[in-house]
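S.K.: Got a structure for you, written out below as structure tokens; questions coming shortly.
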Amino acid sequence: MWPSRTLSPAAMDINRVRALRGPNVWTRHTAIEAVVGHTDDEASIDRIDGLEARLRARLPALPALHTADGAWMSVPRALAQLALTLQTEAGCPVAFVRELGTREPGLTRIVFEYSQEAVGRLALDTAVALLEAARTDAPFDTAAALTKLRELDEDIRLGPSTGAIVQAGVARGIPFRRLTDGSLVQFGWGVHQRRIQAAEVDATSAIAESIAQDKELTKQLLVSIGVPVPGGGSVDEIEDAWKIMQSLGAPAVVKPRDGSQGRGVTVDVQTREQLEAAWSAAYEISGDVIVERYIPGDDYRLLVIDGKLVAAARRDPPQVIGDGRQTVRELVDGVNRDPRRGDGHATPLTRIRLDAIAIARLALQGLGADSVPEAGRKVVLRNNANLSTGGAATDVTDEVHPDVAARAVEAARMIGLHICGVDIVCRTVSQPLEEQGGGIVEVNAAPGLRMHLAPSYGSPRPLGEAIVGTLYPAAGDGRVPTVAVTGTNGKTTTVRLIAHLLAGSGLKVGMTNTDGVYVDGVQTDSGDCSGPKSARNVLMHPDVQAAVFETARGGILRSVRATTSD
């Protein structure tokens, strides 16, 4: 018996809720299945006077609650539609919903798709609360409920970089498994498994990543192969920084030696006073500070994957354009209302922040947050053009000169990065760097892909497919031959026979049965291992070239019950 829960004396009972975490009998999508107990009055939603109107008043995006021929949905089916609509309104890409019968009167099975299990479960709980509020004509804060769902989804779902790679892998039929709550993902089974973490791949060495993090060492290596970089040096005293700045005889850039995402970077430093302020910002990030020649021009990010330039974008710092009427603060608020902008890295663009750094940048332009810039005036709010600080990106992949592309590829190869973001400052990427005094200012071992996947302007680039192509060339799908044996009698004997035949063909076989787990003839676990957990463990083993599973009905049912909550 599945324990039931009654939400209120007038409410329906939710007898069982379980997550279907892959292709199942109802759909190929991950889904939440719930068995709902209900009364005869709930067999059709129109039997509860005014319920449909009250539901729609609380959730206006709710689709029609009747079929094409005009028949009204049941209340359990409406509950499923509520759970699905709540997810879509929170930004989740879900579409499947279904009502199914059961063998018991008064019970209805509902199934609806989820993209993140925790969000799907919360959507069902929220749908129940919303339905009860509509039933009793009680108030319901839909905006707060959607915010909670949206925040949970953004907190646990894969980021845009990892998500694009995973989606490309799924399109190729490659199995994947999320290894942590973060962005560490494994593709494939057995000997074909590969791992990524955001835009990093397992083939890249820790040494290469360490070099990329050290900006001064990176510059030294690039100089050794003739790649143009700005002159300067790394120091740990401000007086030494001042000496370097004077020797450059030009404006300088001050940045931490091992920083990231543009933190602590100040550009176009021209005076001792500006140097002291820039030094303080950089020194908070790193005890070693780089002072280098300021290169006039635009900020470009070139993305190199497996020795090829695949995308390029011009990055513009966060800025607003005056209209002669609104304050800087009001202009920023207007820009931040763009639905593409959000907090963190979950959206294509990040909201512009009017923080201390922005206020200081405004002061250099003779402005404050409450100043009203004249019409047409460009007001820059940050020194750097990183998307994470509110910048925007324009795709320029098709404009990159072959010589510039070659320099970016050389930089990635010199550092040893399979996926490399090369930051270039120059007036245009359509001319060689040497002709315009441009240079490579930084390389990135874990480049964000947002600016290429969803640029502010221009065409998005299929980077997920490009990265998956480096992991699995040609038509590889990351799978190993797999056999599952179920039934009543003789399963173990059959499994052993199949494993023996596969091993005889030269394959290293992983096998599960009621005696244990075996890999290449060596027992790695003992006991009854005929359930899904042992099968998953075999597919995780890096030596397995083929897998044979004894699949007991009891093990499947135990796994199903493990996904169930009351």
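Listed here are the residues, each with its yes/no results for (1) open to solvent by less than 10 Å² (accessible area, probe 1.4 Å); (2) under 27 Å from Leu158 (Cβ atoms); (3) of a type outside the set (Ser, Thr, Tyr); (4) modelled with pLDDT of 90 or more.
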position	(1), (2), (3), (4)
Pro317	no, no, yes, no
Glu330	no, no, yes, yes
Gly344	no, yes, yes, no
Arg361	no, no, yes, no
Ala375	no, no, yes, yes
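S.K.: Are any residues in the stretch 220-259 part of a loop (DSSP other than H, G, I, E, B), in contact (Cβ under 8 Å) with a residue 24 or more places away in the chain, over 34 Å from the mean Cα position of the chain (by Cα) and under 14 Å from Ile290 (Cβ atoms), and if so, which ones? Let's see the steps before the verdict.
M.R.: Initially, the stretch 220-259 is screened for residues part of a loop (DSSP other than H, G, I, E, B), giving 225-231, 236-237, 249-251, 257-259.
Narrowing the set further to residues that are in contact (Cβ under 8 Å) with a residue 24 or more places away in the chain leaves 225, 227-231, 236, 250-251, 257-259.
The next check asks that each one be over 34 Å from the mean Cα position of the chain (by Cα); those that pass are 225, 231, 236, 250-251.
Within the stretch 220-259, Gly231, Asp236 qualify.
S.K.: Still on this structure, please answer the following. Please specify each residue of the stretch 453-489 satisfying the condition of being closer than 14 Å to Phe549 by Cα, open to solvent by less than 60 Å² (accessible area, probe 1.4 Å) and not aliphatic (A, V, I, L, M).
M.R.: Narrowing the stretch 453-489 to residues closer than 14 Å to Phe549 by Cα: 480-487.
Filter again for open to solvent by less than 60 Å² (accessible area, probe 1.4 Å), leaving 480, 483, 485, 487.
Matches in the stretch 453-489: Gly487 only.
S.K.: Same structure again: Quick check on my filter: what residues within the stretch 479-492 are modelled with pLDDT under 95 and over 17 Å from Ser534 (Cβ atoms)?
M.R.: Gly487, Thr488, Asn489, Gly490, listed by residue number.
S.K.: Hey, among the residues in the stretch 219-243 that are crowded, with 21+ Cβ neighbours inside 10 Å and out of contact with any Lys or Arg (no Cβ under 8 Å at 6 or more places or on another chain), which one's modelled with the highest pLDDT?
M.R.: Leu222
The rows are residues; the columns are (1) under 16 Å from Met451 (Cβ atoms); (2) touching a residue at least 24 places away in the same chain (Cβ under 8 Å); (3) hydrophobic (A, V, I, L, M, F, W, C).
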position	(1), (2), (3)
Ile357	no, yes, yes
Ala392	yes, yes, yes
Glu399	yes, yes, no
Val404	no, yes, yes
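S.K.: Among the residues of the stretch 406-421, are any more than 28 Å from Ala203 (Cβ to Cβ) and not in a loop (DSSP other than H, G, I, E, B)?
M.R.: From the stretch 406-421, those more than 28 Å from Ala203 (Cβ to Cβ) are none; that's our starting set.
No, there is no match, as no residue in the stretch 406-421 is more than 28 Å from Ala203 (Cβ to Cβ) and not in a loop (DSSP other than H, G, I, E, B).
S.K.: Moving on. Here are some residues: Ala61, Ala34. Which one is modelled with pLDDT of 90 or more, small (Gly, Ala, Ser), touching a helix residue (DSSP H, G or I) at 6+ places or on another chain (Cβ under 7 Å) and part of a strand (DSSP E or B)? Talk me through it step by step, then tell me what you get.
M.R.: On the way: Ala61 fails: part of a strand (DSSP E or B).
Selected residue: Ala34, the only one of Ala61, Ala34 that is modelled with pLDDT of 90 or more, small (Gly, Ala, Ser), touching a helix residue (DSSP H, G or I) at 6+ places or on another chain (Cβ under 7 Å) and part of a strand (DSSP E or B).
S.K.: Looking only at residues in the stretch 176-206 that are part of a helix (DSSP H, G or I) and closer than 27 Å to Asp520 by Cα, which one is most open to solvent (accessible area, probe 1.4 Å)?
M.R.: His192
S.K.: Just for the stretch 462-474: of the residues that are in a helix (DSSP H, G or I) and either more than 17 Å from the chain's Cα centre (by Cα) or among the polar types (S, T, N, Q) (or both), which one is farthest from Ala206 (Cα to Cα)? Walk me through how you get there before you give the answer.
M.R.: Looking only at the stretch 462-474, we keep the residues that are in a helix (DSSP H, G or I), and these are 463-471.
From the residues that got through so far, the ones that are either more than 17 Å from the chain's Cα centre (by Cα) or among the polar types (S, T, N, Q) (or both) too are 469-471.
Numbers: Gly469: 22, Thr470: 19, Leu471: 18 Å.
Here the answer is Gly469.
S.K.: Could you tell me whether the stretch 448-461 includes any residue that is touching a Phe, Trp or Tyr at 6+ places or on another chain (Cβ under 9 Å) and either among the small types (Gly, Ala, Ser) or in a helix (DSSP H, G or I) (or both)? Talk me through it step by step, then tell me what you get.
M.R.: So in the stretch 448-461, the residues touching a Phe, Trp or Tyr at 6+ places or on another chain (Cβ under 9 Å) come out as none.
Taking every residue of the stretch 448-461 in turn, none turns out to be touching a Phe, Trp or Tyr at 6+ places or on another chain (Cβ under 9 Å) and either among the small types (Gly, Ala, Ser) or in a helix (DSSP H, G or I) (or both).
S.K.: So which residues in the stretch 260-284 are open to solvent by less than 30 Å² (accessible area, probe 1.4 Å), touching a residue at least 40 places away in the same chain (Cβ under 8 Å) and in a loop (DSSP other than H, G, I, E, B), if there are any at all?
M.R.: Hit for the stretch 260-284 is Gly262, nothing else.
S.K.: Considering Ala393, Ala445, Ala412, Ala385, which residue is aliphatic (A, V, I, L, M), open to solvent by less than 40 Å² (accessible area, probe 1.4 Å), within 26 Å of the chain's Cα centre (by Cα) and under 24 Å from Ala356 (Cβ atoms)?
M.R.: Values: Ala393 fails: under 24 Å from Ala356 (Cβ atoms); Ala445 fails: under 24 Å from Ala356 (Cβ atoms); Ala412 fails: under 24 Å from Ala356 (Cβ atoms).
Exactly one of Ala393, Ala445, Ala412, Ala385 is aliphatic (A, V, I, L, M), open to solvent by less than 40 Å² (accessible area, probe 1.4 Å), within 26 Å of the chain's Cα centre (by Cα) and under 24 Å from Ala356 (Cβ atoms), namely Ala385.
S.K.: What tally of residues in the stretch 13-31 results from selecting those that are outside any loop (DSSP other than H, G, I, E, B), touching a residue at least 40 places away in the same chain (Cβ under 8 Å) and open to solvent by 10 Å² or more (accessible area, probe 1.4 Å)? Please lay out each step first, then the result.
M.R.: Going residue by residue through the stretch 13-31, those that are outside any loop (DSSP other than H, G, I, E, B) are 13-20, 31.
Narrowing the set further to residues that are touching a residue at least 40 places away in the same chain (Cβ under 8 Å) leaves 14-20, 31.
Subset that is open to solvent by 10 Å² or more (accessible area, probe 1.4 Å): 15-16, 18, 20.
So the answer is 4.
S.K.: Within the stretch 495-512, which residues are open to solvent by 30 Å² or more (accessible area, probe 1.4 Å), in contact (Cβ under 8 Å) with a residue 24 or more places away in the chain, among the hydrophobic types (A, V, I, L, M, F, W, C) and closer than 12 Å to Val544 by Cα?
M.R.: To start, the set of residues in the stretch 495-512 that are open to solvent by 30 Å² or more (accessible area, probe 1.4 Å) comprises 496-498, 500-508.
From the residues that got through so far, the ones that are in contact (Cβ under 8 Å) with a residue 24 or more places away in the chain too are 498, 502, 507-508.
Filter once more, keeping what is among the hydrophobic types (A, V, I, L, M, F, W, C): 498, 502, 507.
If the condition is that a residue be open to solvent by 30 Å² or more (accessible area, probe 1.4 Å), in contact (Cβ under 8 Å) with a residue 24 or more places away in the chain, among the hydrophobic types (A, V, I, L, M, F, W, C) and closer than 12 Å to Val544 by Cα, then Leu502, Leu507 are the ones that fit.
S.K.: On to the next question. So for the stretch 90-98 (the condition being in a helix (DSSP H, G or I) and either open to solvent by 10 Å² or more (accessible area, probe 1.4 Å) or within 22 Å of Ala145 (Cβ to Cβ) (or both)), does at least one residue qualify? Break it down into steps so the answer makes sense when it comes.
M.R.: Going residue by residue through the stretch 90-98, those that are in a helix (DSSP H, G or I) are none.
Within the stretch 90-98, not a single residue is in a helix (DSSP H, G or I) and either open to solvent by 10 Å² or more (accessible area, probe 1.4 Å) or within 22 Å of Ala145 (Cβ to Cβ) (or both).
S.K.: Just the residues that are in contact with a Phe, Trp or Tyr (Cβ under 6 Å, 6 or more places away or on another chain) and among the aliphatic types (A, V, I, L, M), please, taken from the stretch 140-183. Break it down into steps so the answer makes sense when it comes.
M.R.: Let us first name the residues in the stretch 140-183 that are in contact with a Phe, Trp or Tyr (Cβ under 6 Å, 6 or more places away or on another chain), namely 166, 169, 174, 176.
Val166, Ile174 - these are the residues of the stretch 140-183 that are in contact with a Phe, Trp or Tyr (Cβ under 6 Å, 6 or more places away or on another chain) and among the aliphatic types (A, V, I, L, M).
S.K.: Condition check: touching a Cys at 6+ places or on another chain (Cβ under 9 Å), surrounded by fewer than 22 Cβ atoms within 10 Å (Cβ to Cβ) and either without any contact (Cβ under 8 Å) to a residue 12 or more places away in the chain or at negative phi (or both). Does Gln436 satisfy that? Walk me through it before giving the result.
M.R.: Numbers: touching a Cys at 6+ places or on another chain (Cβ under 9 Å): yes; surrounded by fewer than 22 Cβ atoms within 10 Å (Cβ to Cβ): yes; either without any contact (Cβ under 8 Å) to a residue 12 or more places away in the chain or at negative phi (or both): yes.
Yes; evaluated as a whole, the condition is true for this residue.
S.K.: Outside any loop (DSSP other than H, G, I, E, B), open to solvent by 20 Å² or more (accessible area, probe 1.4 Å) and touching an Asp or Glu at 6+ places or on another chain (Cβ under 7 Å): does that describe Thr492?
M.R.: Values: outside any loop (DSSP other than H, G, I, E, B): yes; open to solvent by 20 Å² or more (accessible area, probe 1.4 Å): yes; touching an Asp or Glu at 6+ places or on another chain (Cβ under 7 Å): yes.
So Thr492 passes the test.
S.K.: Same structure, new question: Test of understanding: among Glu216, Glu154, Glu209, which residue is in a helix (DSSP H, G or I) and closer than 21 Å to Arg21 by Cα?
M.R.: Details: Glu216 fails: closer than 21 Å to Arg21 by Cα; Glu209 fails: closer than 21 Å to Arg21 by Cα.
Answer to the selection: Glu154.
S.K.: With respect to Asp69, is the statement that it is in contact with a helix residue (DSSP H, G or I) (Cβ under 7 Å, 6 or more places away or on another chain) and surrounded by fewer than 18 Cβ atoms within 10 Å (Cβ to Cβ) true? Give the steps one after another, and end with the answer.
M.R.: Numbers: in contact with a helix residue (DSSP H, G or I) (Cβ under 7 Å, 6 or more places away or on another chain): no; surrounded by fewer than 18 Cβ atoms within 10 Å (Cβ to Cβ): yes.
No: the conditions fail for Asp69.
S.K.: While we're looking at this one, here's another question. Output the residues belonging to the stretch 285-312 that are under 20 Å from Thr470 (Cβ atoms) and surrounded by 24 or more Cβ atoms within 10 Å (Cβ to Cβ). Working first, answer last.
M.R.: Within the stretch 285-312, the subset under 20 Å from Thr470 (Cβ atoms) is 301-312.
The answer is Arg301, Leu302, Leu303, Val304, Ala311, Ala312.
The values are calculated or read from the model by the stated rules, or taken from the named source; none is laboratory data. Just so it is clear, the structure is predicted and the values come from calculations on it, not from any experiment. For neighbour counting, all protein chains shown are included, and Cβ atoms are generated from backbone atoms with ideal geometry for every residue, glycine included. Just so you know, the surface numbers come from the protein's heavy atoms only, side chains and all, with ligands and any DNA or RNA stripped out. Shrake-Rupley method; radii C 1.70, N 1.55, O 1.52, S 1.80 Å.
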